[in-house]
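This report concerns only the one structure given below.
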Amino acid sequence: MTYQQIQAAKAGFAAAYFNYAQTVRSVFVDVDNSLTKQQESNKAYANQLNAFKASIRAYNLALERYKAGARDSREVVNAQINVDKAKLDLTLAKMQQLTNIVDVYQALGGGYKTLP
């Protein structure tokens, strides 16, 4: 081997090494971002769960007031609408949470994609 061939081989090795290092850094960033999104979606789900439970308590209270004759049926209907909305929001938060779990697995697996 000549000196120039050795230098070319070293340069090729250095380029491959820096390309690999950049890929590893990129993967760590993707995994970190995915885990952060997952933590945020867990918090959002917990908040939505608390809101859902509160709406059920409000509905039960409205129903008791209605049964006692203290309120009309509109309050019960509005409370039921709030329960339904909170349940929908909770379902959407759960969907986002599960989507983020998939994102974490894809980031850990190097962007694995399923066949069409």
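The values are calculated or read from the model by the stated rules, or taken from the named source; none is laboratory data. Predicted model only: the values in this text are computed from it and were never measured. All Cβ positions, glycine included, derive from the backbone under ideal geometry; neighbour counts span all protein chains shown.
Taking the stretch 70-79, which residues are over 15 Å from Lys53 (Cβ atoms) and either surrounded by 15 or more Cβ atoms within 10 Å (Cβ to Cβ) or touching a Pro at 6+ places or on another chain (Cβ under 6 Å) (or both)?
Arg71, Glu75, Val76
For Thr114, which of the numbered conditions (1) at pLDDT below 95; (2) of a type in the set (Val, Ile, Thr); (3) assigned to a helix (DSSP H, G or I) fails to hold?
(3)
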